Amino acid sequence: MRQSQALMQEDIAECLDGFHALETTARELGIVDARHQRVQGFPHLRTSRFLASFDSGELSEVAYLRWLMRQNDKAVEGLLMEWKRLPPVNKRRLSQYWPGTKADVERALGECGGALVERQAALPRLTGVTPEDHYQSWKRWVGLYPLTAIPFYLGVVNEHEYFQEKQREFADASPEKIGQWTHYDRQVPSLAPGEALALLGRQEPDALGIPILAPATEEQLLDAFMPALAIQHTGNGLAANDRPMRLIADASGAILRDISQPTIYTHISFGRYHEKITIQLNYSVWFTERRAGQPLDLLAGQFDGVTWRVHLSSSGTVLGYDQMHQCGCWYQFFPASGFSLQPTLPVTQEPFNIGRTLPPGQQFTLWLESNTHHLLGVLPAKMLTSVEPLKVLPYAELRALAGPDGHYYSPFNSQGLIPESRRPERFVFWPMGIPSPGGMRIHGTHAIAFIGQRHFDAPRILDELGLVPESPQSAQLP
């Protein structure tokens, strides 16, 4: 295909047909990449809750074009993931639009996407881009939500108190007195956290105010704040389901759980705080399962995992940290020193689980309970003589795992769920409206509250938490 600047009207129409054909085929085959949401009627655009938080009508022409380009980047990325997962027969059928190798298709998608964005920018502005929430209202109606939410609300409050008490007990004791642990960490980081924050403060923003981060800069930021892991032993040592794993695919397309390659998956996302752009460093760890702890354990099932996230201002201030399980369960926020939380939530909204204040600009160890993988504590990392190495991989790898036959597969279905991870709890918690509560899912699809609505990728979650600076120095954000 010719360069986007030279594309004629018929070429643009062919690009649009190609985008439609690939998107339709992926949907028919059930291999839709659910990481970002489609913009209905615009196959060359996919959005996120963060990108949808911009008022497109208020943007300058340059900013509006940049907004479209970022959504096109998400679409090209997702379509390429879907193309990689196509069976050979479908790739041949689509070769009239997308011929050649993966590199050829990626280049063609980018050129077509650029041309379609230029055309889109010349049309009346696109408004009303609103991602769907990840709640099913019909379940709440059928489940008499106004009544059933009351015991759920009380259960959530009691659970928060229970976990906070466990974390206080852990903080007051020496971990070595509680049990034995296996430690995991990556190699020595290239930058200390303070150096990475200074580097972040020097990055130029684009027209939307989003810092322009080169791939090497992203890697340095992620590396500087990457947590170490300490995982509790059972009576027989470290259990197999407590070993961080890598997800791989075999020749049949089955997703295998490889505990011989301890892995942490990373990616960068963005949010808002007082309408300024924040940078979010995401670290995800996966385990093979959560074993049943009793004859009828509603929370047990295949696959398990935890995501740890660091919130930074664009000027290089640590705002706070949060964590959740890969199901969106057990969300908890930890303010950074210099900030406190003053949430003002209606009674119809689930309260936050607020953890201890953590010092900024440090590397931490996450201390995880055996089997449940609950976070017992967050402590400054120490140099240890016995540490298992962690492989670091981009989170995007999970969306298209390369099999030994050259084909690609994903553990996530078109709704973003891992079907094998469904929990028995879904038969009890369904009236709260979350699809398959307890099931593991892809980032961008995590509902993190049973009462009301709240998503892990909500762009203004720091404002909803009521995060406020405790000093003028902390308040000097970009």
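Bear in mind that the values in this text are calculations on the coordinates, not laboratory data. In this text, all values refer to a predicted model and were calculated from it rather than measured experimentally. For neighbour counting, all protein chains shown are included, and Cβ atoms are generated from backbone atoms with ideal geometry for every residue, glycine included.
Observations on the model:
- Longest exposed-site-free window of the chain, the sites being GluC sites (Glu not before Pro) in a DSSP loop that have at most 14 other C-beta atoms within 10 Å: 276-469
- Equivalent ellipsoid of segment 244-323: semi-axes from √(5λ) of the C-alpha gyration tensor, largest first, are 33, 18, 10 Å.
- Rounded if a/c under 1.5, otherwise prolate or oblate - segment 1-110, Cα gyration tensor axes: oblate
- Between the Cα long axis of helix 102-122 and the first principal axis of the chain there is an angle of about 80°, rounded to the nearest 10.
- Computed over the chain: relative contact order in percent, which uses C-alpha pairs under 8 Å that are six or more apart: 19
- The largest-to-smallest principal axis extents of the Cα set in segment 253-298 are 48, 28, 21 Å.
- On the principal axes of its alpha-carbon atoms, segment 372-441 has extents of 48, 40, 16 Å, going from largest to smallest.
- Measuring r between the beta carbons of residue 274 and residue 391 and using R0 = 60 Å, the FRET efficiency lands at 0.95.
- Kirkwood Rh (inverse of mean 1/r, distinct Cα pairs), segment 202-340, angstrom: 17.3
- For the chain, the tally of Lys pairs with Cα-Cα distances below 23 Å comes to 10, considering only residues 8 or more apart or on different chains.
- Efficiency of FRET from Cβ geometry, residue 384 and residue 464, R₀ 41 Å, rounded to 0.05: 0.65
- Spin-label model distance (nm) - residue 426 vs residue 202, 7 Å beyond Cα toward Cβ: 4.9
- Per residue convex hull volume, Cα atoms of segment 145-204, in Å³: 230
- Note on residue 178 and residue 119: the extension gain reaches 15.0 nm, defined as 0.36 nm multiplied by sequence separation minus the Cα-Cα distance.
- Summarising the label geometry, the points placed 7 Å from Cα in the beta-carbon direction at residue 138 and residue 261 lie 4.0 nm from one another.
- Take 227-234, 122-129, 185-192, 435-442 and order them by the average number of nearby Cβ atoms within 10 Å per residue, most first; the result is 435-442, 227-234, 185-192, 122-129.
- Expected-Rg normalisation [2.2 N^0.38 Å, Cα atoms] applied to segment 266-378: 1.18
- Debye log10 I(q)/I(0) at q = 0.21 Å⁻¹ for segment 343-478, Cα point scatterers: -1.40
- What you get for the chain, charging only the Cβ of Lys and Arg (+1) and of Asp and Glu (-1), is a dipole of about 560 debye around the Cα centre.
- Rg/Rh ratio calculated on Cα atoms of the chain (Kirkwood radius): 0.96
- Remark on segment 128-262: ratio of C-alpha radius of gyration to 2.2 N^0.38 Å is 1.57.
- Reference-scaled alpha-carbon Rg (2.2 N^0.38 Å with N residues) for segment 109-162: 2.19
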